[in-house]
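Just so it is clear, none of the values below were taken in a lab; they were calculated from the coordinates. Predicted model only: the values in this text are computed from it and were never measured. Reconstructed Cβ throughout: ideal geometry from the backbone, glycine too, with neighbour counts over all protein chains shown.
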Amino acid sequence: KHFPGVPIVATTATATPQVVEDICTRLDLNRSRTNIKRAPCDRPNIFYSVLYKPRDKAKATELLLATVKKLCAAGPASESCGIVYCLSRKETEDICGSLRDAGISAVWYHGDLATDSRAAVHKSWVSGESKVIVATVAFGMGVHHSGVRWVVHYSMPPSIQHYQQESGRCGRDGRPAISVLMASPFDICRQSVMVYWKPNALQELYALAEYAFSTAQCRRAYLAAHMGDHQRPVCDGYCDVCGVEDSAPPSKRLKEAPDEGGVIEEIFDQLEKAAVKDEKLTLLKLSEKCRKNLHCEIERVAVAIVCLLHSGHLRETFDATAYSVYSYINRTSSRRTLPHSEWEPRRSSIDGSLSRVFVTETWQAGERVNAKKSKILERRLHEGRCELAAAVDGEMPPQKILTDWEVDELCKYHGAEDPLAVVRRVVAVPKRFELYGEKIASCLSCE
C-alpha cells in the first residue's frame with residue numbers, strides 16, 4: 001500500500017486453491033491487478049504407492065523394515081538413499097534404532113537436535129555414509145539431494161499438501177523414484193487431535209484418508225485435482241491403483257459396497273446406544289464394539305468410520321485436558337448409507353510397485369556404441385524436447401517431455417541400431433514414449 005507502483009512476486013512450491021485464496025485475502029491483493037500463475041504439480045517420474053499399516057506396533061515396524069530393505073536393494077544401491085518420515089521425535093528414534101538393528105545404515109533427525117548435530121546428520125546422509133534418514137517434518141525445508149530414490153511415510157501426514165511436499169523430496173534428478181505411504185485409519189485420530197483447531201484442517205486430513213483408502217481413482221489424478229491442476233495428468237500405470245494388480249486375498253478387502261455385512265448399520269447402532277448411555281466412543285473403542293458383533297477385522301470397521309467422517313455422516317469432537325486431547329466419534333446424520341466408494345485396507349507389499357519403478361534389463365553387447373557422452377546429441381535432445389513442449393503447451397516445462405536423467409542416458413546410445421527400442425527402455429512413462437518416442441528416436445539416429 002505504501003509503494004503501489006512496485007511490482008511484487010510471491011512464490012510457493014505447493015498451494016491448494018484454498019491457500020491461494022487465503023493469501024490473496026490476507027494480503028488484500030487487488031484481484032484486477034493480480035496475475036496468478038500455476039505450474040503443474042505432477043511429478044511424472046515418481047511412482048505413488050500406499051501400504052496398509054497394521055495397528056500392532058511390532059507388525060507395523062516389521063512391515064517397514066521389509067519395505068526399506070526392498071527399496072534399498074531395488075535401485076542403484078551405490079548411489080541412492082531414502083527418507084522415512086515419522087510423526088513424533090520418539091517414533092523417529094525408535095524406528096531408526098530398529099533399522100540399525102536390521103543392518104541398515106540409518107540416522108535420525110528431529111527438532112530437538114542441536115545445530116551441530118543436525119549438520120553432522122545431514123552430511124552423513126548426503127555423503128552416502130548413511131543410506132536412510134528417519135525424520136520428522138523438521139527435516140525437509142531446503143533439502144535438495146538428487147540421489148533420493150524413495151520416501152516412506154511411516155505415519156500419515158496431516159494433509160495432502162504436506163504429503164505432496166514431503167514425497168517430492170525423492171526423484172529430484174528426474175530418475176525413477178517411489179513414494180510409499182503407510183496408511184492406518186488410527187493415524188487419522190493421532191493427527192486430528194493436533195490440528196483440529198486450525199481452519200479446514202480436518203477436511204484436509206480426511207482428504208488424505210480418501211487418497212489412501214479409496215481405490216476408485218488414480219493416485220496421481222487425485223493429487224493433481226486436490227492441488228488445483230485443471231488438466232488430468234497422464235499416469236499410464238505409474239501408481240499402484242492404475243498399474244499394480246492387488247495380491248491381497250478377497251477376505252482381506254472391503255468390497256465395492258462398503259456396507260456389505262452391515263458395517264455401516266452396526267456403526268450407527270453402537271453410536272445410538274452410546275448416546276442413550278451418555279457414553280463417549282473413540283475410534284478404537286467404536287471399532288472394537290462393532291468388530292465383536294460383526295466378527296470381522298477391526299481395520300475394516302475403522303476404515304468405514306473414517307469414510308463416514310469424510311462424507312460428513314459422522315464427526316469428531318474433542319475434549320482437551322491439561323495433559324492431552326481426546327477425539328470422540330459422533331453422529332451428524334441418521335442416514336446409514338454411503339456414497340458409492342471403494343475404501344479398503346488392501347495392499348501389504350510393494351513388490352508389484354518396485355517392478356514398475358526399478359526395471360533391471362540386460363543390455364546387449366555392442367548396443368552402447370558410444371559410451372562417451374555426446375555433446376552434439378545432448379544439444380539435439382534438449383532442442384527436441386523444447387520444441388515438443390512448445391507444440392503441446394507454451395507453458396509446459398521441457399522436463400515433462402524428457403527428464404535431464406533421460407537425456408544423459410540417451411546420450412550414451414548415439415548411433416544405436418534400433419533408436420526406438422533404446423528410447424522405449426530409457427523413457428520412464430510409457431505414455432510419454434507413445435506420444436514423443438519417434439521424435440526423440442529421430443534425434444538419436446541423426447548423424
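With the helix formula -39500 (n - 2.57) applied to DSSP H stretches of n ≥ 4, the chain reaches a computed 222 nm mean residue ellipticity of -13500 deg cm²/dmol.
The string of couplings for segment 262-270 from the Karplus curve (6.51, -1.76, 1.60, θ = phi - 60°) is x, 4, 5, 4, 5, 4, 5, 4, 5 Hz, one whole number per residue in order, with x for Gly and Pro. When Ser184, Ser88 are arranged by Cβ crowding within 10 Å, least crowded first, meaning fewest neighbours, the order is Ser88, Ser184. Note: segment 367-445, Cα convex hull, 74 Å³ per residue.
Checked against a 28 Å cut-off, the cross-linked pairs Lys375/Lys400; Lys69/Lys289; Lys37/Lys375 give Cα-Cα distances beyond that limit for Lys69/Lys289; Lys37/Lys375. Pairs over the 24 Å Cα-Cα cut-off, from the set Lys90/Lys131; Lys59/Lys292; Lys70/Lys131; Lys53/Lys280; Lys59/Lys273: Lys53/Lys280; Lys59/Lys273. Taking amide H as placed 1.01 Å from N in the peptide plane, Ser184 has its amide H under 5 Å from the amide H of Lys53, Met156, each at least 5 places away in sequence or on another chain.
Compare the peptides 397-406, 17-26 by average per-residue count of other Cβ atoms within 10 angstrom and give them in order, highest first. Before the final figure, lay out the partial values.
Numbers: 397-406: 20.2, 17-26: 13.0.
Averaged packing, sorted descending, gives the order 397-406, 17-26.
For the pair segment 280-298 / segment 392-436, the C-alpha centres are spaced 51 Å from each other.
Between His310, His382, His230, the Gaussian network model of the chain with springs among Cα atoms under 10 angstrom shows the greatest mean-square fluctuation at His230.
Our coupling estimate for segment 297-314, obtained by passing each phi through the Karplus curve with A = 6.51, B = -1.76, C = 1.60 and θ = phi - 60°, is 5, 5, 5, 4, 5, 4, 5, 5, 5, 5, 4, 5, 5, 5, 7, x, 6, 10 Hz, Gly and Pro reported as x.
Between rounded, prolate and oblate, where does segment 115-233 land on the alpha carbon gyration tensor, with a ≥ b ≥ c its root eigenvalues, rounded for a/c under 1.5, else prolate if a/b exceeds b/c? Note, shape of segment 115-233 comes out oblate. When the P(r) of segment 52-153 is calculated, the portion above 25 Å amounts to 13% of the C-alpha pairs.
Close amide H contacts of Phe47 (hydrogens built in the peptide plane, cut-off under 5 Å, sequence separation of 5 or more or a different chain): Ala177, Ile178, Ser179. Any idea what angle helix 375-392 forms with the longest principal axis of the chain, computed on alpha-carbon atoms, 0 to 90 degrees, nearest 10? Computed tilt is about 50 degrees. Could you tell me the center-to-center distance, by alpha carbons, between segment 185-230 and segment 116-133 in angstrom? Centre-to-centre distance over Cα atoms comes out at 31 Å. Put in order of Cβ neighbour count within 10 Å, fewest first, the listed residues Arg31, Arg38 become Arg31, Arg38.
For the chain, a simple Cβ point-charge model (Lys and Arg +1, Asp and Glu -1, everything else neutral) yields a dipole of about 540 debye relative to the Cα centre. Relative to the dominant Cα principal axis of the chain, helix 201-213 is inclined by about 70°. For Leu314, the amide hydrogen comes within under 5 Å of the amide hydrogens of Leu309, Thr332, counting only partners 5 or more places away or on other chains and with H modelled in the peptide plane.
Arranged from fewest to most other beta-carbon atoms within 10 Å of their beta carbon, Val180, Val422, Val50 become Val422, Val50, Val180. Taking the dipole about the Cα centre of the chain, with the C-beta of Lys and Arg at +1 and of Asp and Glu at -1, give me whichever of Gly415, His295, Ala177 is farthest to the positive side. Of Gly415, His295, Ala177, it is Ala177. Relative to the longest principal axis of the C-alpha atoms of the chain, give the angle of the C-alpha long axis of helix 430-445, reported between 0 and 90° and rounded to the nearest 10°. So the helix axis and the longest Cα principal axis differ by about 10 degrees.
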